[in-house]
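Every number in this text was worked out from the coordinates using simple rules, so none of it is lab data. These numbers come from a predicted model, not from an experiment. Here Cβ is always computed from backbone atoms with ideal geometry, including for glycine, and neighbour counts include all displayed protein chains.
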């Protein structure tokens, strides 16, 4: 009788949970859409505005899990098995995310963001940049790091044939794995030269290099890397070459999203050879067509894939902080610089939050290369509760507002455009990651190589700060 009464009570409470969750999602939608209209309509910004990118990617990682919880109770794909326990906390978590968007926008257009953006230095522009010597030097160094990384599995070709299982070989060896992102950054240097001199040879070299690198990353199953590459190239072209119209950008973005969804479903691992890769991929496509599952995989990342994963950590923090988990009171932010030290040198380095989360809420038996992406607002809540989300989003707004001001003052400087493009394209990774992703991941994987390359290309010329003139047009 008690169990029956308890089940009846759960049934009676479920409609209230759904109603509150639906209201929270609607409120979030109003805030997000309102910000989009404000950025595009009032501020007259482009689709490449950093605030708009923040709104888009925060929404992509916020809404899929709540919408899934409203429409289905089936646990499949990457949907967390803890969804029934987390559902009562989803509505307030969505509200926190909406409040975070408002805080983000306020700080984004603040004087603090403008002052910070004017403090960032710009690289010099020279008439004859040493682009190809720099590309060869840094490219060779990147390949050397990758050769050392792949030595234990039989070389680079064998490493690529590992497919998405290659991530197990890179965990804990990030000082070698940065060869891949550095190789991409070096491929941007010919495009830098094209922006400066407008020679088609540079465009063809950059295009061929990027296509080859994208194919390798697709074989490795690194869809996020391919997405980062595409976003960076688009931002750089928009900032330094010519503005990209929405009528071209939106169809390309949609086609790219669908393509990466299909690649994610078809990707495999431990191929015996490239012919084995082709055979197994063709068999997978044929199996999908025969089972009629292909129609359900165009957008699976939004329903059962990557986009439903990170946000689960926020309702879990709302449920657990103060009960199962004590608030960390800023320690996760303070210890972030420790991750600059490779784990081979500092083996007792604290676990990343994604691994801590798996151990705490999913138990043992998972490898260190396995984890649930940790939503960036969840770290704010883990440290200071709701106030932590507000403080974190104010900091985010100030930083990305500074990037906006930096682009505005760059006045087409391709070096500044490269740094800004690498940063803004990183937003989707930072949203689905903790503070370490932005503080350490972005400089280590992208900006460090770009800064070294710009120094070499410009003969170590002095960097400078722009002095904005009165009445300068906004970007």
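Take the alpha carbon gyration tensor of the stretch 53-208, find the square roots of its eigenvalues, order them as a ≥ b ≥ c, and report rounded if a/c is under 1.5; if not, report prolate when a/b exceeds b/c, else oblate.
It comes out oblate by the Cα gyration axes.
Based on the inverse mean of 1/r over its pairs of different Cα atoms, what is the Kirkwood hydrodynamic radius of the chain, in Å?
Result for the chain stands at 23.9 Å.
Mean residue ellipticity at 222 nm from the helices of the chain, using -39,500 (n - 2.57) per DSSP H segment of n ≥ 4 over the full residue count, to the nearest 500 deg cm²/dmol?
Here the helix-only value at 222 nm equals -19500 deg cm²/dmol.
Report the extension gain between residue 349 and residue 460 in nm, rounded to one decimal, defined as 0.36 nm multiplied by the number of residues separating them, less their alpha carbon distance.
Here the segment from residue 349 to residue 460 would lengthen by 36.5 nm.
For residue 248 and residue 215, what does the FRET efficiency come to when R0 = 30 Å and r is the distance between their Cβ atoms, rounded to the nearest 0.05?
The computed FRET efficiency comes out at 0.80.
For the pair residue 102/residue 20, report the inter-label distance in nm, with labels modelled 7 Å from Cα in the Cβ direction.
Spacing of the two 7 Å Cα→Cβ label points: 1.9 nm.
For the residue pair residue 331 and residue 37, what label-to-label distance in nm results when each label sits 7 Å from Cα along the Cα-to-beta-carbon direction?
Label-label distance for residue 331 and residue 37, simple model: 4.6 nm.
For the pair residue 175 and residue 152, what calculated FRET efficiency results from E = 1/(1 + (r/R0)^6), where r is the Cβ-Cβ distance and R0 = 22 Å, to the nearest 0.05?
0.90
Relative to the longest principal axis of the C-alpha atoms of the chain, give the angle of the C-alpha long axis of helix 90-108, reported between 0 and 90° and rounded to the nearest 10°.
30
Over the stretch 186-226, with a single point scatterer placed on each C-alpha, what log10 of the ratio I(q)/I(0) does the Debye formula yield at q = 0.25, 0.26 1/Å?
-0.75, -0.77
Compute the acute angle (0 to 90°) between the alpha-carbon long axis of helix 274-291 and the principal axis of greatest extent of the alpha-carbon atoms of the chain; round to the nearest 10°.
On a 0 to 90 degree scale, this one is about 40.
Gain in length, residue 119 to residue 262, computed as 0.36 nm per residue apart minus the alpha-carbon separation, to one decimal in nm?
So the extension gain works out to 47.2 nm.
By how many degrees, between 0 and 90 and to the nearest 10, does the Cα long axis of helix 414-424 differ from the longest principal axis of the chain?
That works out to roughly 10 degrees.
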